[in-house]
Amino acid sequence: MFITTVTFARLSRSLLGAPRFGQTFSRCLSSEVSECGITNIQDEADFEKRVVNNKRPVLVDFHATWCGPCKLLGPRLDEVMKSYMDRMLLAKVDVDKHDSIAAKYKISAVPTVIAIKNGREVSRFSGLKEKEFIQKMIFSLTN
């Protein structure tokens, strides 16, 4: 039954011409600022340009590929950002690749999300949070 359902879903998607999840999602996580208002930080200069010097508020998601809670929080942040992409940016920082940025912001646990406005940290949280908590944080940041 399960195999039939999965096969049917794939067949339906291909017949309808719908993009696969990976194709759609990859557009939202490139090194450039995507149509979803999400970017992956490439280095310290990129962080300065996209986060510290940004006129819009920025949420910075410090995460690691091996972190279970990070894998759950990431999609929640992405989903909430869809409603705010015209007003703010979500920048993702892999702490293993960019340990100097993580050290500068005193990241001691992942996931940690920092809200930055006008180049300054205004709030932060660590750990897995519900969408409602994230929405309230973003709302206070954009108003």
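Just one of the numbered conditions (1) loosely packed, with under 14 Cβ neighbours inside 10 Å; (2) under 17 Å from Gln135 (Cα atoms); (3) not aliphatic (A, V, I, L, M) is not true of Asp78; which one?
Result: Asp78 passes all but (1).
Name, by its number, the condition in (1) modelled with pLDDT of 95 or more; (2) of a type outside the set (Asp, Glu); (3) not in a loop (DSSP other than H, G, I, E, B) that does not hold for Lys97.
Unmet for Lys97, out of (1) modelled with pLDDT of 95 or more; (2) of a type outside the set (Asp, Glu); (3) not in a loop (DSSP other than H, G, I, E, B): (3).
Please count how many residues of the stretch 103-116 are of a type in the set (A, V, I, L, M), closer than 13 Å to Cys70 by Cβ and buried (at least 17 other Cβ atoms within 10 Å of the Cβ).
Summing the residues that are of a type in the set (A, V, I, L, M), closer than 13 Å to Cys70 by Cβ and buried (at least 17 other Cβ atoms within 10 Å of the Cβ) in the stretch 103-116 gives 3.
Residues Arg120, Arg124: which one is exposed (fewer than 13 other Cβ atoms within 10 Å of the Cβ), under 21 Å from Val52 (Cβ atoms) and without any contact (Cβ under 8 Å) to a residue 40 or more places away in the chain? Full working, then the answer.
Details: Arg124 fails: exposed (fewer than 13 other Cβ atoms within 10 Å of the Cβ).
Checking each option against the conditions leaves just Arg120.
Which of the residues belonging to the stretch 16-47 are of a type in the set (Asp, Glu) and either at pLDDT below 95 or under 23 Å from Met137 (Cβ atoms) (or both)?
Matches in the stretch 16-47: Glu32, Glu35.
The values are calculated or read from the model by the stated rules, or taken from the named source; none is laboratory data. Predicted, not measured: the structure shown is a model, and the values here were computed from it. All Cβ positions, even for glycine, are placed from backbone atoms using ideal geometry, and neighbour counts span all protein chains on display.
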